[in-house]
Each structure stands twice: as C-alpha cells, then as structure tokens.
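Participant: Please see the structure below; I have some questions.
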Amino acid sequence: MNGMMKAIQKTRREPGLDLVDVPIPSIRPDEVLLKVSATALCGSDVHFYNWDEFAQKRISPPITLGHEFCGEIVEVGSQVLDHRAGDYITADSHIVCGKCDICRMGLQHICQNLKIFGNDVAGSFAQYVAVPQTSIWPLSRDVPAEIGAIMEPLGGATQGVLIEPVTSRSVVIFGDGPIALFAVGVARAAGARKVSLIGKVPSRLEIARRMGAQATYTPEDDPVQQILDETHGIGVDVVIEMAGAPQSVKSAFEVVRKGGRVTTFGLTPKPIEFDLNFAVTLRQVTVRGVAGRHMWDTWKQLDGLLASGRLDPTPVITHRIPLEDCEQGFKWMTTGTRDTGKIVMFPNGMPG
Ligand code: ZN
C-alpha cells in the first residue's frame, strides 16, 4: 500500500520521542500489513524513551517503537495462505525463525534468532505495521481493541503464573506494573488459594485489589515478616517476581516455602548477588525463568481464561489516548504519582 502514515519513532540518540510522517511499510511475501486499531505502552519502552544504557545497546534509531497491538489486516503477502484482508488479529511481539534448534524443541518464544517489534523491526506505534505470518494470533470480533492490544503482556502474566499449577496454592506477586496486576487476575482465575501483591504505588495496589488480590502490601509494611507470620514461618507455595528490584528478588526467596516455586520475570537493572545455598539448593526451591509467552500454548490458555469470564483485565487499563499523546503517556508512567496502569493508544482514531 502506498502513502504516508503517522508513527512514533525514536529518531535521536537522546531522551524523548518524535511524532513523524513516514511511508506505510511495504510487506514481504510472508507478511501481512496491519492497520493498527490499538497499541499499548510497555515499561520496556520507557528505556527507549529515557535513552538509558539498555536502550543505547538495544536499538538503533531511527525506529518506530511499539510491540503490543491489534488491528485489521489490509494486505497479505503472496506466501500468506491462512489469513486475508479484513481479518482481526493480534500478534506475539516475538518474531521467530522457526528453524533453529530452540524453535524446533518447541521453545519458539526464546528463539535463537529472536527479533522483537519496536526493538529490531518497525513497531506498532504507527497507523500501520508489517507482521510476519508466524507471529499472528487471530482475535475474535467480540474482543475489544483495547483488550486485543494487551494480549501480549497479559500472555506474559499468564505464562509467569501458569508455568506450573497454582490451583489451591498460595501466591505472592512482587511488583505493581501492569503485568503484575494482570498476574493477580490470572492467579485468581486459575483458582489460587490466596493471592497477595507487594507494590509501591497506592493507586496500583487499589487496582490489584480490584483484580482480586486478597492482600496488598507496600515494602514499608515488612511484607516478608507478615506473610511468614501468617504461614507459621513456612512461607507461600508460589512467588512471582515481577518488580525486578534487587531487594524484591531477595525477598521472593525469603517468602517462598521449602520446595516451592519462584518465577523470575522482572529484570534487575544490574546483576545481583545472591545466596544460592539458602535461596535454592538447601530449600529445594524450583526457579522458573519466564520470558514472554509460550507460542502458542500460553495464548490458548489466555483465550480460555478470557472466554471463561473469570479473567477481566479491564481495571488495569487506566488511560486511552490518541497516538499524538504518546510522549505524555510516558511522562505519566515515569513522573509524579505514577497513577498509571496500562496506557492504550488508538493510532487510527479513538473508539466509539
Ligand atoms: Zn528460532
């Protein structure tokens, strides 16, 4: 498709973002062109907005950001046989080769040749995005665009919680970002015994309670001691670490019971020191690292959770904005009281 479109790009090697007019992407034979209905801001995009050390190593400007999105197919490449114009889809943010040993072992989401929208290839903070057919996940028309746009982070939460069963188990989640808030809903939907969340921002703890958390704590509450007291010093069955703060990683291993499971999901800003003897070996703790979503088991699980009516992620969506307000969205996320859950943008017009 010829023509120009609006996009949010990182154009300069310095903090900030730019709203630019760029050509609509041309697609390869194995890609579709998607008209973006909705696309969501991610905490990982904050690195690019701030232009920190991680960002400087990760991306090469100019690049269109954004990796959480849904929309309608407007054009299909000649090799795309299973999708057609008019189809409503979302996508995994991970673009996989399908050929490496890791992919062939069924672990495509951590492909050896992994690429990510808005990191390695043009992303979805734009009116149109080119999507390889291997990343497509079809959406039912009754899924609102704002939910379609957050399937990717919701999938991260789903794999983080359900990589091992949580039914009837006590679950503690560290972090108050959107994925941690989603994780509360996933754990409740899956029948966890009790779900607690530890976070810092009061308005986000309120969202956690609306998502079903039976207890919320701030670090000032000494949550580790409180939870150990409640469990007669034993600790909880499952801990999901989604804060990525060195202290919360340490606390995660203090609050898990012997033989329990810790999911590590949050990324610490730097390598951290860690007492492996106590944390893992002597207490026989299972550590499950989770990166992204299993393709496509997790997506199927997520479809089922949403269809069951037991998981409603809507309370986490706090802001709905046009593409032009993208930079404002990052300001809300990073400054002031940070009263943001998920921020969803609508590059081709606000809904309704
Ligand atoms: Zn691969």
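Participant: Select from G341, P23, T218 the residue farthest towards the positive end of the dipole of the chain; place +1 on Cβ of Lys and Arg, -1 on Cβ of Asp and Glu, and compute about the Cα centre.
Facilitator: Positive-end residue among those listed: T218.
Participant: Starting from 0.36 nm per residue, how many nanometres of slack lie between E327 and D30 once their C-alpha separation is accounted for?
Facilitator: Once the chain is fully extended between E327 and D30, it gains 103.7 nm.
Participant: How many angstrom separate the Cα center of region 115-149 from the Cα center of region 302-352?
Facilitator: Distance between centres, Cα-based: 15 Å.
Participant: Based on the alpha-carbon gyration tensor of the chain, what equivalent-ellipsoid semi-axes (square roots of 5 times the eigenvalues) come out, in whole Å, largest first?
Facilitator: 34, 21, 20
Participant: What's the center-to-center distance, using Cα atoms, between region 52-71 and region 228-252 in Å?
Facilitator: Computed from Cα coordinates, the inter-centre distance equals 32 Å.
Participant: Is region 309-348 rounded, prolate or oblate when judged by the Cα gyration tensor, a ≥ b ≥ c being the square roots of its eigenvalues, rounded requiring a/c under 1.5 and prolate requiring a/b larger than b/c? Intermediate results must be reported in sequence, preceding the final value.
Facilitator: Values: a/c = 4.38, a/b = 1.34, b/c = 3.27.
It comes out oblate by the Cα gyration axes.
Participant: Compute the signed sum of charges (Lys and Arg +1, Asp and Glu -1) over the other residues within less than 15 Å, Cβ to Cβ, of F278.
Facilitator: Net charge in that neighbourhood comes out at +1.
Participant: Which percent of the Cα-Cα distances in region 240-352 go past 24 Å?
Facilitator: Above the 24 Å cut-off, region 240-352 has 51 percent of its Cα pairs.
Participant: Hey, another quick one. Indicate the gyration tensor shape class of region 53-149 (rounded, prolate or oblate), computed on the Cα atoms with a ≥ b ≥ c the square roots of the eigenvalues: a/c under 1.5 is rounded; otherwise a/b larger than b/c is prolate and the rest oblate.
Facilitator: Numbers: a/c = 1.79, a/b = 1.21, b/c = 1.48.
Since a/c reaches 1.5 but b/c is at least a/b, the shape of region 53-149 is classed as oblate.
Participant: Taking 22 Å as R0, compute the FRET efficiency from the Cβ-Cβ separation of K57 and T335 and round it to 0.05.
Facilitator: Working: r = 24 Å, r/R0 = 1.11.
E between K57 and T335, to the nearest 0.05, is 0.35.
Participant: Moving on to the next point. First compute the accessible area of region 157-289 with a 1.4 Å probe, then give the percent of it belonging to carbon and sulfur atoms.
Facilitator: 52 percent
Participant: Would you compute, from DSSP H runs of 4+ residues alone, the mean residue ellipticity of the chain at 222 nm, taking -39500 (n - 2.57) per run and dividing by the full residue count, rounded to the nearest 500? Walk me through the numbers on the way to the answer.
Facilitator: Values: 11 runs with 93 residues, N = 352.
After summing the helix terms and dividing by residue count, I get -7500 deg cm²/dmol.
Participant: Still on this structure, I have one more. Calculate the spin-label point distance for T231 paired with L276, positioning each point 7 Å from the Cα along the beta-carbon direction, and give it in nanometres.
Facilitator: With each label point 7 Å from Cα toward Cβ, the separation is 2.4 nm.
Participant: Which one of V195, V32, V74 has the biggest mean-square fluctuation once the chain is modelled by GNM with Cα springs under 10 Å?
Facilitator: Fluctuation is largest for V74.
Participant: Return the sequence-ordered ³J(HN,Hα) values of region 36-50 in whole Hz as given by the Karplus equation 6.51 cos²θ - 1.76 cosθ + 1.60 applied to θ = phi - 60°, using x for Gly and Pro.
Facilitator: With the stated coefficients, region 36-50 comes to 6, 7, 8, 8, 10, 7, 10, x, 5, 5, 4, 4, 6, 4, 6 Hz.
Participant: Mind listing the long-range amide H neighbours of W137? Cut-off is under 5 Å, sequence gap 5 or more, other chains count too, H placed in the peptide plane at 1.01 Å from N.
Facilitator: T90, A91, D92
Participant: Once you have a ≥ b ≥ c as the square roots of the Cα gyration tensor eigenvalues for region 157-289, tell me rounded if a/c is under 1.5, and otherwise prolate or oblate according to whether a/b is larger than b/c.
Facilitator: Note, shape of region 157-289 comes out rounded.
Participant: Accessible area of region 11-71 with a 1.4 Å probe: how many percent of it is carbon plus sulfur?
Facilitator: 49 percent
Participant: Can I ask one more? Quick one: which residues, 5 or more positions from I116 or on another chain, have an amide H under 5 Å from its amide H? H modelled 1.01 Å from N in the peptide plane, none for Pro or chain starts.
Facilitator: Here I95, V121 satisfy the definition.
Participant: FRET efficiency for D18 and T318, Cβ-Cβ distance as r, R0 = 22 Å, nearest 0.05?
Facilitator: Values: r = 25 Å, r/R0 = 1.13.
Step by step, r from the Cβ atoms, then E = 0.35.
Participant: Excluding ligands, DNA and RNA, what is the solvent-accessible area per residue of the chain at a probe of 1.4 Å, expressed in Å²? Walk me through the numbers before you get to the answer.
Facilitator: Working: 15710 Å² over 352 residues.
On a per-residue basis, 45 Å².
Participant: Tell me which residues come under 5 Å, amide H to amide H, from T263 once H is placed; ignore anything under 5 positions away on its chain.
Facilitator: V239, I240, E241, R288
Participant: How large is the accessible surface of D275 in square angstrom, using a 1.4 angstrom probe and rounding to the nearest 10?
Facilitator: The accessible area comes out at roughly 90 Å².
The values are calculated or read from the model by the stated rules, or taken from the named source; none is laboratory data. Here the structure is a predicted model, which is why all the values come from computation and not from measurement. Every residue, glycine among them, receives a Cβ derived from its backbone with ideal geometry; neighbour counts consider all protein chains shown. Just so you know, the surface numbers come from the protein's heavy atoms only, side chains and all, with ligands and any DNA or RNA stripped out. Shrake-Rupley method; radii C 1.70, N 1.55, O 1.52, S 1.80 Å.
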